[in-house]
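Structure record follows, encoded as structure tokens.
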Amino acid sequence: MGAVNRPAPPPSAVRHLHSASWAPSSLPIRCSSFGLPRRPFLFLLRSPPPPPRRLGNNRVRCSAERHALFNRIAPVYDNLNDMLSLGQHRSWKRMCVSWSGAKRGNRVLDLCCGSGDLVFFLSQKVGTEGEAHAFRSACVSDMFRSISSAIDMLRNTSYAIDMLRNTSYAIDMLRNTSYAIDMLRNTSYAIDMFRSISSAIDMLRNTSYAIDMLRNTSYAIDMFRSISSAIDMFRSISSAIDMFRSISSAIDMLRNTSYAIDMFRSISSAIDMFRSISSAIDMFRSISSAIDMFRSISSAIDMFRSISSAIDMLRNISYVYGLDFSSEQLSIASRREDLYWKACYKNIEWIEGDALDLPFSDGYFDAITIGYGLRNLIDRQKAMCEIFRVLKPGSKVSILDFNKSTSSLVNMLQEWIIDNVVVPTASEYGLSQEYKYLKTSIDEFLTGKELEKLAKEVGFSKAEHYEIGGGFMGNLVATR
Ligand SMILES: C/C(=C\Cc1cc(O)c2ccccc2c1O)CCC[C@H](C)CCC[C@H](C)CCCC(C)C
Ligand SMILES: C[S@@+](CC[C@H](N)C(=O)[O-])C[C@H]1O[C@@H](n2cnc3c(N)ncnc32)[C@H](O)[C@@H]1O
């Protein structure tokens, strides 16, 4: 029902936030206070527009007046919602998004998006990937991403290699020392030989002491000349002993050298250890040249990365559309997008347009949400038909709004809060009339059952209304 076939606008045409003021003439012609109609010939076919009607003080019947009202409240809208609902409106909006069935990769729409709360929640839900036309670029950037993490890993390895290279130079130095040590080791064998000689000398030294003793005896012997010839023999031995003594001091010198050798031997085992490390280093060196190769690849990849992000930017991905007729609300929404700046928000597109005349082709969306919008539309049936038309079969629209409760107690309490809390607070900002309209609009709204009926009438196969926020709020979920 209500399916009007029209071509989908090229993405680039709707990508930017329209800066021109909203052309209200696509709204019902009876509202004359608002500029020239966008379709002049249609305008001529109709009867002359009556002046804008205001029923009572707080009835804002005309679309242009509602347009002006939402432009006026835009600067304080978010703060007042936070304050007056004690932050609860965010949970209600999250529930609304969740009931819409929006999933990753979906193309979704938030109607009457205002300052964009629901759009931001939807944006996080659907992410940036998903649609077929974006598939190739997405694959390429995934490939680049994998290569890039491999490169990052190799880069870290490369730093380790650099460290090992420096160690390797140290090892080379130690290797040279090791050759010196080898030379000293050979000297050490010579020293060992001298040590053996030295112990022999020690033995001879002891003998020498004995000889000395005998020498003393020799004087006595001299006296006793008869033993003189024996003494002569001992004298010859004594000169031999002197010779051995000189050798012994040479040996002592060599012994000191031997301690040095022992020290060098310890260094030598350290060197052996370093030699093993050195072969490991050789292996790392080969890896290092591979790393050098990867480094060159990495700079190429860096270049590709820049190209890839440029491609991402040029890819023109947009999966979440936020539509509203108030340029003031939209410019706040767009500023909030810049302020929060989350990666997924690059999938958002703000559209200044009319909820009663959607600029999308039939079956374009996987899910649609409206938060506190339907109640404010002049022609709710027309709006529901438009929603039905642009939804894919089997997809859902989730509509959050104040609940026009069937319980008189809830209604009384709701009215009391609006009269005694909401309006007085808003009047602090000079917006009492605007918030009085809120109460009137709830009075004129549909109950849960009436909303379900309306959805079924325009063709939705299933429609269920849920009361939330203690019965103050309601959410209609309708499946096409
Ligand atoms: C997000 C909320 C309202 C949006 C809203 C909708 C409109 O149609 C307006 C029309 C004209 C002016 C302003 C608005 C507007 O702000 C909900 C925010 C809270 C309400 C302003 C006040 C809520 C009062 C509830 C009855 C109390 C609920 C208490 C809760 C259970 C803690
Ligand atoms: C109460 S605000 C809700 C904003 C937002 N969805 C939220 O939940 O905070 C209602 C919004 O509906 C927009 N609106 C009302 N009539 C509209 C129409 N015919 N076309 C597009 N937007 C409309 C207003 O500009 C306003 O931003």
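Nothing in this text is a laboratory measurement; each read-out follows from the coordinates by a stated rule. Here the structure is a predicted model, which is why all the values come from computation and not from measurement. FYI the Cβ positions are ideal-geometry reconstructions off the backbone, even for glycines, and counts take in every protein chain you see.
Side notes on the structure shown:
- Extents of the range 253-297, taken as max minus min of Cα coordinates on every principal axis and listed largest first, are 62, 13, 8 Å.
- Close amide H contacts of Tyr466 (hydrogens built in the peptide plane, cut-off under 5 Å, sequence separation of 5 or more or a different chain): Asn475, Leu476, Val477.
- Packing here is the average count of other Cβ atoms within 10 Å per residue, and on that basis the peptides 448-458, 422-432, highest first, run 448-458, 422-432.
- Between the amide H of Gly127 and those of Gly105, distances stay under 5 Å, these residues lying 5 or more places away or on another chain, with hydrogens modeled in the peptide plane.
- Taking a Cβ cut-off of under 12 Å around Lys392, the surrounding Lys, Arg, Asp and Glu residues balance to a net charge of +2, with basic ones at +1 and acidic ones at -1.
- Peptides 434-447, 403-416 ranked from most to least packed, by the mean per-residue count of other Cβ atoms within 10 Å: 434-447, 403-416.
- Estimated distance in nm for a label pair at Met273 and Thr440, the labels positioned 7 Å out from Cα along Cα-to-Cβ: 9.1 nm
- Measuring nothing but alpha carbons in the range 61-108 and taking Rh as the Kirkwood radius, the Rg to Rh ratio lands at 1.13.
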